[in-house]
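J.: Sending over a structure as structure tokens; questions will come in a sec.
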Amino acid sequence: MILVTGGEGQGKLGWALSHSGYTEKDASPRIEAEVPILTGLEALVRRTLDRGEDPGLLLPALLEKEYVLCREVGCGVVPMDPAERRWREETGRLCCRLAKEAEGVVCLWCGLPTWLKGGER
Amino acid sequence: MVILLLGGSASGKSGWAEGFAAALARQNGGPLLYLATMAAEDEESRRRVLRHRELRSGKGFTTVERATGLAGLELPSGAAVLVEDLGNLCANELFAPEGGGEQAVLLGLEHLRRRAAHLVLVGNEVFSDGENRSGGTADHLRLLARTQAACAAWAEAAGTVICGIPLWRKRPAESWFEELVKEAEPE
């Protein structure tokens with residue numbers, strides 16, 4: 001599994017598609033979809049928290065994917081709302097755990113990939 | 001040496017900062033200090049403090065709590081000092097009744113830089129959420145940005161931790177630094 005992170009609109013999906021040769025139909029925001037690319041992990045974490053469930057339980061299913069895309073959501077002023085803070089932290093912690101297990105971690109910035117782990121460093 | 005590590009929330013920056021401070025203290029056999037700048041005034045802050053304390057336990061840190069006035073802090077000689085974090089320090093000096101503003105932040109850090117054998121600074125990556133802020137928040141962000149830029153200028157190594165992995169913006173090219181990074185890597 002390659003974890004792909006970066007801010008909004010920085011080219012995560014475009015990079016994953018060109019790196020893999022997959023097309024958009026191979027990507028889905030739903031964890032149960034039988035496709036190799038999961039998009040929007042940050043939104044999945046939010047939906048999981050909204051249901052009162054532990055996002056850490058997503059780990060095994062996420063490791064089954066070839067690419068997991070997660071928007072960086074922890075780099076702003078700390079929000080006043082405790083639920084927003086919790087979401088940012090749970091997303092960050094899950095990404096740290098995924099990065100430990102991942103064969104590659106890539107950060108996209110202005111469409112440019114930086115390999116933080118594995119790949120063509 | 002001075003190391004500056006930024007990161008977003010739950011990015012894994014603390015674990016790396018602890019690893020660097022502990023590794024540097026092992027190298028020179030000096031004391032290992034954790035300088036906590038957060039004034040824990042509510043339940044959530046207290047839980048945060050407890051969580052960090054647990055993560056640090058067994059690593060040999062002596063914890064010093066100091067929200068403001070770092071320039072007046074007495075340090076044992078040869079210490080490796082971890083400061084966590086610059087966002088809280090700037091907020092305290094700006095908004096606490098006993099705070100001394102920008103000057104106190106910079107004098108405090110300058111003092112630590114001169115007295116500590118090694119200084120590891122944890123900062124915050126908070127400048128990219130697209131919001132236009134005003135008032136106290138804007139003052140805080142500007143002070144934090146200036147403070148972190150000053151620290152980055154002093155630092156031999158400076159970078160951002162992303163998903164638990166450091167991305168260096170500045171670092172020594174020599175192999176000893178590579179070794180230090182290996183030794184500092186959190187479990």
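J.: What tally of residues in the range B:40-64 results from selecting those that are in contact with a helix residue (DSSP H, G or I) (Cβ under 9 Å, 6 or more places away or on another chain) and part of a helix (DSSP H, G or I)?
T.: 4
Every residue, every condition in (1) within 14 Å of chain B (Cβ to nearest Cβ); (2) surrounded by 13 or more Cβ atoms within 10 Å (Cβ to Cβ); (3) touching a residue at least 24 places away in the same chain (Cβ under 8 Å), yes or no:
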{"site": "A:I2", "(1), (2), (3)": "yes, yes, yes"}
{"site": "A:Q10", "(1), (2), (3)": "yes, yes, yes"}
{"site": "A:S18", "(1), (2), (3)": "no, no, no"}
{"site": "A:T23", "(1), (2), (3)": "no, no, no"}
{"site": "A:P29", "(1), (2), (3)": "no, yes, no"}
{"site": "A:E34", "(1), (2), (3)": "no, no, no"}
{"site": "A:V45", "(1), (2), (3)": "yes, yes, yes"}
{"site": "A:L63", "(1), (2), (3)": "no, yes, yes"}
{"site": "A:L69", "(1), (2), (3)": "yes, yes, yes"}
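J.: Hey, another quick one. Determine which member of the set B:L143, B:L167, B:L109, B:L180 is outside any helix (DSSP H, G or I) and either away from chain A (no Cβ under 12 Å) or surrounded by fewer than 21 Cβ atoms within 10 Å (Cβ to Cβ) (or both).
T.: Step by step, each of B:L143, B:L167, B:L109, B:L180 is checked, and only B:L167 is outside any helix (DSSP H, G or I) and either away from chain A (no Cβ under 12 Å) or surrounded by fewer than 21 Cβ atoms within 10 Å (Cβ to Cβ) (or both).
J.: Among the hydrophobic types (A, V, I, L, M, F, W, C), within 14 Å of the chain's Cα centre (by Cα), open to solvent by 20 Å² or more (accessible area, probe 1.4 Å) and within 14 Å of chain A (Cβ to nearest Cβ): is that true of B:M1 in this structure?
T.: Details: among the hydrophobic types (A, V, I, L, M, F, W, C): yes; within 14 Å of the chain's Cα centre (by Cα): yes; open to solvent by 20 Å² or more (accessible area, probe 1.4 Å): yes; within 14 Å of chain A (Cβ to nearest Cβ): no.
Answer is no for this residue.
J.: Would you check if there is a residue in the range A:11-25 being touching a Gly at 6+ places or on another chain (Cβ under 9 Å), modelled with pLDDT under 95 and closer than 18 Å to A:G92 by Cβ?
T.: Checked the range A:11-25: no residue is touching a Gly at 6+ places or on another chain (Cβ under 9 Å), modelled with pLDDT under 95 and closer than 18 Å to A:G92 by Cβ.
J.: Mind checking which pairs have a first residue in the range A:88-107 that is over 16 Å from A:E72 (Cβ atoms) and a second that is charged (D, E, K, R), Cβ under 7 Å, 6 or more apart or different chains?
T.: Short answer, once both residue conditions are applied: A:G104/A:K117.
J.: Would you pick out the residues in the range B:4-31 that are more than 14 Å from every other protein chain (Cβ to nearest Cβ), in contact with a Leu (Cβ under 9 Å, 6 or more places away or on another chain), open to solvent by 20 Å² or more (accessible area, probe 1.4 Å) and not in a loop (DSSP other than H, G, I, E, B)?
T.: Residues satisfying the conditions are B:R26, B:Q27.
The values are calculated or read from the model by the stated rules, or taken from the named source; none is laboratory data. These figures come from a predicted structure and were not determined experimentally. Virtual Cβ from ideal backbone geometry, glycine too; neighbours counted across all protein chains shown. Heavy atoms of the whole protein, side chains included, go into the accessibility calculation; ligands, DNA and RNA do not. Shrake-Rupley method; radii C 1.70, N 1.55, O 1.52, S 1.80 Å.
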